[in-house]
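One structure coming up, written as C-alpha cells, with questions to follow.
Taken together, the values in this text are just the output of simple stated rules run on the coordinates, not laboratory data. None of these values were measured; they are calculated from a predicted model. Here Cβ is always computed from backbone atoms with ideal geometry, including for glycine, and neighbour counts include all displayed protein chains.
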Amino acid sequence: MAWSQNSSEYAKLIEIGRPPNVRKLFPNSKALLVSGKVIDRALLAKGKAMTIAANARNHIIIRGVLAAAQRAEAAVIIEIAKSEGGASSYCAPSYWNLATQVDAIINELGVTVPVAIHADHYGLKNDKDLEKAKVEIPSMFDAGMTSIAIDASHMTDDKNLLASIAINPFIPKWAGLECEVGEIKGDVGLSTPEDALFLVQGLNAHDIHPDWIALNNGTTHGIQDSATGIQVDLTARVHQAIKPYGLSGAQHGTSGNSSDRLREIAQLTSTTKANVATALQMVSWGVKIDDYGNAVLDADKNFIKIEGQGMSEELWAEIVAAGKAQNLKAGDYKKFNLPFENKILGQPREIRERMAKNVEDFSYRLLTEVFSAQGTAQFAYDAIMKAGSYDMGQKAARTEAPAEWTPEKIAQKAAALASDKGPDGNFDD
C-alpha cells in the first residue's frame, strides 16, 4: 500500500530517496521526487509491467495523472518534451517549471507514490544544439529534473552515438537516462537489432549505461492516420538483442494503439516506460476519443467535443474559432496549449475538477488494466530502502573495449549498417 506522508517509513524515504537537486530546491517538501532509475527498477521488480510517462502539456494533466497514480499505488513519470516545453515551446509547463508544479500538487493532494521528472526528447540535431545543451541541460537539473532522454536520432548513426557520448558528462550519474535509435516516424525507417546494438555497445564502451532505449518500432506521435501501430515482435527482438546491456524499453507514441497492443508491449517486451501525450491532452479537453487514444473526428475532420466533459463549451468554441481562423488541422491544435493555459485555469472550479477527473480516470485505467503498474510504488520504496540512497547505480558493467569505439572506428562501424532510416522530417514529439 502507498505509505502515509506522516509515517516514519515515509520520512525515511524523503530523507534518503530524493536526489540532491530536489532536496536543495524543495527542502521542506514531502513529495517523493526520485530519479528515473527508481521508477525503472520498480517496474522491473514487478515484472511484465510498464508505467505512464505522462506528457504534461497542461497543468490539469499533471493533477489528474498524480491522482490516478496515488489511487493505483503506482510509480509514475511526469515529463515534457523539448518541443512542448523547451526554449521554443507550445506548452506552459516547461523543463524549468515542471518539477515545481509537480512538487506543489503532490504536497497539496497528499500524494506519496514516487514520481520522476523527465526531460523527454531532448533533441540534438547538430553541433550548435550540442553546445547549447552543455549549458541548458545543467540548468534543467538545477530546476528539478531527475531524468532525461537524449534524442540525437535525427542525425546519422555515428553522430547520434558521438553526440550522446559528448553530452553525457553534463548529466548527473544518478539521473535516469534514455537514449534513442531511429526517429519515431511510423512504419518507415524502422529500427533494427543492429541499429540498437551499435548505439548501446558504443555507449557501453564509454562507460555510459542508459536505463531505457526508445525505438522507431512502428508508431508515430500525435493523431494517427492508421492503426498499424507498434510492432511488438520487432520490439521484442531488439530488446532481446540488447539484453546483456541492461536497458529497458521506452515506448513512445502510445496514443493510437489499442489497449490489447499496449498490454502485449507490457507482457512480451522489456518496456517499463510508456509515453502518453496526445490522448491525455484530448481527455483533459473533453474531446471524444476511441480505445486507441485517437480523437474521433467528424465527417469534416473536426473534433467532437463531449458536452459536459472537459473544458467549458464557451472556451472550446473559442479554441475552435481560433483554429479555423488559423486554418489549423486537428493535429495542430496542440499549439493552443500555451495561449489557452491561463484561460483553462481561469474556469470555474467544478470545470477544472471535472477536467482533472477525466484525466485521472483515463490514467487509472491505463495503469491498472493495461500497463499492470498498480502496486509498483512499494517496489520503488523497497529499492530506495535497499540502496539506502537516491542513487540506484547502473544495471550493467562495461564490457566493450574503448579502443574499438574511437571516433574513427565509430564512423567505420556506422558505415557498415545497412538499415533504412526512412524519409527526412521533423518528428520532435
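Output needed for segment 27-101: three equivalent-ellipsoid semi-axes, defined as square roots of 5 times the C-alpha gyration tensor eigenvalues, in descending order, whole Å. If you can, show how the numbers build up before the last one.
Numbers: eigenvalues 103, 40, 31 Å².
Listed largest to smallest, the semi-axes of segment 27-101 are 23, 14, 12 Å.
Each label point is 7 Å from the Cα along the Cα-to-Cβ direction; what then is the distance between the points at Asn327 and Ser88, in nm?
For Asn327 paired with Ser88, the spin-label model returns 2.2 nm.
So how strong a dipole does the chain carry about its Cα centre when Lys and Arg Cβ are +1 and Asp and Glu Cβ are -1, to the nearest 20 debye?
In debye, rounded to 20, the chain gives about 860.
In whole Hz, with x marking every Gly and Pro, tabulate ³J(HN,Hα) for segment 257-263 from phi via Karplus 6.51 cos²θ - 1.76 cosθ + 1.60, θ = phi - 60°.
Going residue by residue, I get 10, 5, 4, 4, 5, 5, 4 Hz, with x marking Gly and Pro.
Here's another thing I want to ask about it. Taking amide H positions as placed in the peptide plane 1.01 Å from N, state which residues far from Ala81 in sequence (5 or more) or on other chains have amide H under 5 Å from it.
Asp120
Once the Cα gyration tensor of segment 238-371 is found, what semi-axes does its equivalent ellipsoid get, as square roots of 5 times the eigenvalues, in whole Å, sorted largest first?
Value: 32, 16, 14 Å, ordered largest first.
Another question about this same structure. Skipping prolines and chain starts, which residues have an amide H placed within reach, meaning under 5 Å, of the one on Phe26, given they are 5 or more residues away or on another chain?
none
Estimate the FRET efficiency between Thr100 and Glu314 by the formula 1/(1 + (r/R0)^6), using the beta-carbon distance for r and 45 Å for R0, to the nearest 0.05. Present the calculation step by step, with values, prior to reporting the outcome.
On the way: r = 30 Å, r/R0 = 0.67.
The computed FRET efficiency comes out at 0.90.
Rounded, prolate or oblate for segment 1-69? Axes are the square roots of the Cα gyration tensor eigenvalues, ordered a ≥ b ≥ c, and the cut-off for rounded is a/c under 1.5.
Oblate, since a/c reaches 1.5 and b/c is not below a/b.
Then there is this: With θ set to phi - 60° and the Karplus curve 6.51 cos²θ - 1.76 cosθ + 1.60, what are the ³J(HN,Hα) couplings of segment 340-347 in order, to the nearest whole Hz, using x for Gly and Pro?
So the Karplus estimates, Gly and Pro as x, are 9, 4, 5, 5, 5, 6, x, 6 Hz.
On to the next question. Once both labels are modelled 7 Å past Cα along the beta-carbon direction, what's the Asp207-Lys343 spacing in nm?
Simple spin-label model gives 5.4 nm for this pair.
Hey, in the GNM for the chain with a 10 angstrom Cα cutoff, which one of Ala214, Ala74, Ala415 fluctuates hardest?
Of Ala214, Ala74, Ala415, the Gaussian network model singles out Ala415 as fluctuating most.
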